[in-house]
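Below: the structure, in structure tokens.
Quick note: the coordinates plus some simple rules give every number you see, no bench work behind them. Note that the structure is a prediction, hence the values are computed from the model and not measured. Cβ sites come from the backbone with ideal geometry, for glycine too, and all protein chains shown count toward neighbours.
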Amino acid sequence: MLARAVLPKRSGSLAAAFLRTSTATILPPKQLQGQSRTLQFGSYRQSTVFYRAMSTALKPEERAGTFTPAAPGTTTQEKEELRDGARSIIHFKLSPNRHALNVPKLDPKEKVWENPTHHSVWTKEEVENVEVTHLPPADWTSRVAYTIAQTLRFSFDVLAGFKFRKATEDMYLNRMVFLETVAGIPGMAAGMIRHLNSLRRMQRDHGWIHTLLEEAENERMHLLTFMRLKRPGPFFRAAVLVVQGVFFNVFFLSYLINPKICHRLVGHIEEEAVRTYTHIIEEMDAGQLPLFNHVIPPPIAVSYWKLAPDATFRDLLLAIRKDEATHREVNHTFANLKENDDNPFLAEEEYRAKITTMGQPTPVADKKA
């Protein structure tokens, strides 16, 4: 397929030029849009099924539907016993997706992969109603976390050139790809530490591990989606290697010392992510990022978020922004909990009650990304 490379003009930052020269933006030309849409979305012309966000909280009748039917003649009591015995493995059967080997190929040359793990699929109302919020620091741990988050954002904006010139489509794609390579680290590091703690202490984890690993996997899918629009060069990959190595080890050691600060830090970082995606969407609506109007969500994104056949890049960003808003709530909530408290996100009703009692972040006016 033909494609054209879109590169920004000369940047006021050496780091921005470094990122710009090490990547190439692939955007399909206008004359191929109709063909690309038919090719990529042909097998998805069906009604979209939305699943509840807090997926591990199933009603009894929903839970019963995930098990193998009992043999003929089995009594009601025996059926209930079968269900109770199988609940320990229900988390392996929650995914609405088909097995990766059974995913139909839209194009023999296109490697289309459908994520077999469970994840949230949002409704149109949910993705449209995301608010830019901020939870004011209430204690010294919150102040430390907020200061670190603001320092990281300011440093990246300076190094990537966002403080010296108006951002272009290519600069935003660089930003999204680079930051998503780091965003998947906290959930994996925290989940791994809690997993090892559970094994070493021979005690249950109270449900935190599943949510943390789901967050890490979700961030990784953000990266894989944007990778269909960017082709990082060797210098870009080297920068990712260095940043990942440093950030993972620092976060891992910090989580061992004070998990509360780490969760609060991630919560504030996700606040900034929501603000950034909101700013990008607003600039698209204002016609300031015209090249994004010609970008079609890749098949991996359509499959993962169950996007509509005629979905646009804006629809994709709305879904990703909702993911980030959920991570914001999760980490702020975890920062308020004790280490041995039950994970409130295992049940939607418990989650709503927990958020109500702890207080929601207050909406704030959007600032420039």
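Remark on G161: its backbone amide H falls under 5 Å from those of A16, a criterion applied only to residues 5 or more positions apart or on other chains, H modelled at 1.01 Å from N.
Of interest is the spacing of the C-alpha centroids, which for the stretch 271-287 and the stretch 332-347 amounts to 29 Å. Once you've got the Cα coordinates, tell me which of K166/K322; K230/K322; K163/K306; K230/K306 are over 32 Å apart. Going by Cα-Cα distance, K163/K306 fall outside the 32 Å limit. Remark: relative contact order (the stretch 168-322) = 25 percent; criterion is Cα-Cα distance under 8 angstrom and separation of 6 or more residues. Restricting attention to the stretch 242-349, which GluC sites (Glu not before Pro) occupy a DSSP loop and are surrounded by at most 13 other Cβ atoms within 10 Å? Loop-located and lightly packed - E339. Computed extension length for N197-M227: 7.4 nm, one decimal, from 0.36 nm per residue of separation with the Cα-Cα distance subtracted. Model label sites at L256 and A286, defined 7 Å from Cα along the beta-carbon direction, differ in position by 4.7 nm. Per-residue Karplus couplings for the stretch 254-260, computed as 6.51 cos²θ - 1.76 cosθ + 1.60 with θ equal to phi - 60°, are listed in order as 5, 5, 5, 7, 8, x, 4 Hz, Gly and Pro entered as x. Rounded to 0.05, the FRET efficiency of the V144 and K124 pair, given R0 = 56 Å and the Cβ-Cβ distance, is 0.90.
Each residue of the stretch 176-193 is assigned a 3J(HN,Hα), and the resulting list reads 5, 5, 5, 5, 5, 5, 9, 5, x, 6, x, x, 5, 5, 5, x, 5, 5 Hz, derived from the Karplus form 6.51 cos²θ - 1.76 cosθ + 1.60 (θ = phi - 60°), x at Gly and Pro.
Sorting the Cα pairs of the stretch 209-339 by distance into bins of 10 Å, from 0 upward, gives 11, 34, 36, 17, 3 percent per bin. From least to most packed, judged by other beta carbons within 10 angstrom and beginning with the fewest, V295, V302, V243 follow the order V243, V295, V302.
P(r) tail, the stretch 139-190: Cα-Cα pairs separated by more than 13 Å, 68% of all pairs. Annotation: amide H-H contacts under 5 Å for H134 (H modelled 1.01 Å from N, sequence separation of 5 or more, or interchain): T362, V364.
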